[in-house]
Amino acid sequence: MDILVAVISKFLVFFMLLTALNLLVGKLNLWAFGYIGFFGLGSFLSVYLHRYWGIDAWTSLFIALFGGLLIALAFGRISIKLGEKPFLVLNLFWTQAVYSLIVFYGGPRGIFGFKRPDGFMGILQSPAGFLMAILLPAVLVLSLSVYLYARAPLHRWAYFVRSFPREAEIYGYKVDSLRTALFVVGAFWSILSGILYAWFIGGTDPSVATPYWGLLIFALVLVGGVDSLSGSVVAAVLLTVLPMVIAKLFAFSPKASFYGAHISQILFGILVIAMVRFFPQGIAGRRVTWSKEGY
Amino acid sequence: MLSFGFFLVHRTLGFFNIAHGEFAALGGYVFFVALTGTSKILESFLISIVFTGFFLMAVERLIFKPLRSFPGEALLLTSFGLSIVIRSLIIMLFSGRSRGLGQADPVLHLPGLGPLFGSDLAAFFLAVILVIAGEFFLRFSRLGLGAIAIGDNLRWAVIHRLPIERILAVTFFISGATAALGGALVALRWTLETSYFTYTIYAFVVTMVAGNSLAILFLYSIGLGVIISIANKLIPYPLIGETAAIFAIIAIGLQMLAKRRRQSFKQTGRT
């Protein structure tokens, strides 16, 4: 039962992160490799403030969230304004910078000893309570937001900006502002998912905030399917459930477990190559990632 | 050296080969196996270079060729998938631990900077030779000019009946060979790793800011290495030094980009 709760919790946390990235890639074709940096920043700030500054967990959550949002606003504004290639480079740099920060302050293993707050009559202390009281509602709110967004005028504006950016500017759309706004919205969910991940594991995990993971998350979004909530579900399953299933299959000896872990990596790599070639829209996507068209 | 191969592939096919660090690691491991078998450094280098060069040629033919008409983003993702496969294969074959290949005594002690090893000198001189040879290749040789032509407009290259297959084969061979050379030298100087993804990030950054110039690429690469070394001496936490160095290179690159845009606007009225 504990394992099931842990797997579902991890699935939900990464579903949030993947949906945040899918929002940006799907709606505006912005390849934000740096979202994993915001994920790492959220988890680091909330744990660091609580552990070393003595701030209570809820306050540190809000400080991490809003502090991260301010950084996202400044970073998004500058990097988007500079253009496509500087945006890519700065995103990678941002992830590297956050990773360095986390390792500098917490060491390569991260900071541990974070205790979830006692609120909600102590429900949050148990993993199942945390899942039901915090994670699940957060994911439901996110899913509802994405669903409503797809039916809002903002969605059509984003399509216009993605497909015809020059024409959108001529028509008076503030293209960079719209991109920045969506970037910040996505960053909000990335930061929140990072905070909730830290609450889930009881600390920070620097290995998840590396540039490699930034690319991995991005590849997962593409394999799962762009511009689609079901794509994010598929991507989260590939990230959390599939490696666990393969590990179980190969669990009969330590050597087999070692090979099993890497076989799952190889299969994933082959899947990415095959998806790009034969299914560029992804398993559950609505359009091809590098196509500006599609609605 | 690692940036050179990365730059060449970017210049020709217009994508960032994320698997470049893994090819360097592959070259390093081939060098390690050859060195274990022959105990001769030069022969091991040669075996590593030839093997990795041909490996990359095969990869281009089998994996990247069907995607030539796809945009750069598709190739970037494919190379990422490839990097995962190669890294996992290396770990499965050789285990995930880092290895030191042993280092000869330093040839020189520089006051304030530390020891200078034979591999340092070899890397520097090889890099200089590579830049000069690379400039000649790209500017004066038919294959080099063909590589640039393919990079600028693949359709026109096909219409003008350039030997696309041969050009790409040579380009990828050179990229693989230089990656192997770089990987082997890094393994000799420091440790042999299962992936040099960090070097891919460095190569990515310097390629982006250097534009189309090999000389600027060389200068930025040297600059990045110097800044990292100085930063590591001043700031005793390696990751902070590397991050600061990358930031410095990006800042310089953005300055140059802004300058190019201003000049372009002055000349043409467009950015």
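The values are calculated or read from the model by the stated rules, or taken from the named source; none is laboratory data. In this text the structure is predicted, and so the values were computed from the model without any measurement. When we count neighbours, we look across all protein chains shown, and the Cβ atoms used for this are built from the backbone with ideal geometry, even at glycine.
Return yes when residue B:15 is within 14 Å of chain A (Cβ to nearest Cβ), more than 27 Å from residue A:257 (Cα to Cα), out of contact with any strand residue (DSSP E or B) (no Cβ under 8 Å at 6 or more places or on another chain) and in contact (Cβ under 8 Å) with a residue 60 or more places away in the chain and no when it is not.
yes
Let me confirm something: among A:49, A:23, which residue is within 24 Å of residue A:181 (Cα to Cα) and not basic (Lys, Arg)?
Criteria check complete, one pass: A:23.
Name the single residue, out of those in segment B:52-98 being of a type in the set (Phe, Trp, Tyr) and within 8 Å of chain A (Cβ to nearest Cβ), that is farthest from the chain's Cα centre (by Cα).
Ranking the qualifying residues of segment B:52-98, first place goes to B:70.
So that you can scan it fast, the table gives a plain yes or no per residue for (1) in contact with a Lys or Arg (Cβ under 8 Å, 6 or more places away or on another chain); (2) at pLDDT below 85; (3) charged (D, E, K, R):
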position: A:224; (1), (2), (3): no, no, no
position: A:229; (1), (2), (3): no, no, no
position: A:232; (1), (2), (3): no, no, no
position: A:239; (1), (2), (3): no, no, no
position: A:244; (1), (2), (3): no, yes, no
position: A:295; (1), (2), (3): yes, yes, no
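Using the structure shown, decide if residue A:79 is over 24 Å from residue A:238 (Cα atoms) and within 13 Å of chain B (Cβ to nearest Cβ).
yes
Identify the single condition in (1) part of a helix (DSSP H, G or I); (2) at pLDDT below 85; (3) at the interface with chain B (Cβ under 7 Å from one of its Cβ atoms) that residue A:272 does not satisfy, given that it satisfies every other one.
Unmet for residue A:272, out of (1) part of a helix (DSSP H, G or I); (2) at pLDDT below 85; (3) at the interface with chain B (Cβ under 7 Å from one of its Cβ atoms): (2).
Restricting attention to segment B:172-194, does a residue exist that is acidic (Asp, Glu) and under 16 Å from residue B:218 (Cβ atoms)? Working first, answer last.
Applying the first criterion (acidic (Asp, Glu)) to segment B:172-194 yields B:193.
Those left that are additionally under 16 Å from residue B:218 (Cβ atoms): none.
Scanning segment B:172-194 turns up no residue that is acidic (Asp, Glu) and under 16 Å from residue B:218 (Cβ atoms).
Residue A:114 versus (1) within 12 Å of chain B (Cβ to nearest Cβ); (2) part of a loop (DSSP other than H, G, I, E, B): which is the lone unmet condition?
(1)
If you check residue B:227 against the conditions, is it more than 11 Å from chain A (Cβ to nearest Cβ) and at pLDDT below 80? Steps first, answer last, please.
Working: more than 11 Å from chain A (Cβ to nearest Cβ): yes; at pLDDT below 80: yes.
Criteria met by residue B:227.
Identify the single condition in (1) in contact (Cβ under 8 Å) with a residue 40 or more places away in the chain; (2) not in a helix (DSSP H, G or I) that residue A:194 does not satisfy, given that it satisfies every other one.
Result: residue A:194 fails condition (2) only.
Residues of segment B:134-147 being farther than 10 Å from residue B:167 by Cβ and either surrounded by 14 or more Cβ atoms within 10 Å (Cβ to Cβ) or touching a residue at least 24 places away in the same chain (Cβ under 8 Å) (or both), which ones?
Hits for segment B:134-147 are B:134, B:135, B:137, B:138.
Which numbered condition trips up residue A:86, out of (1) touching a Leu at 6+ places or on another chain (Cβ under 8 Å); (2) farther than 15 Å from residue A:214 by Cβ; (3) buried (at least 22 other Cβ atoms within 10 Å of the Cβ)?
With respect to (1) touching a Leu at 6+ places or on another chain (Cβ under 8 Å); (2) farther than 15 Å from residue A:214 by Cβ; (3) buried (at least 22 other Cβ atoms within 10 Å of the Cβ), residue A:86 is out only on (3).
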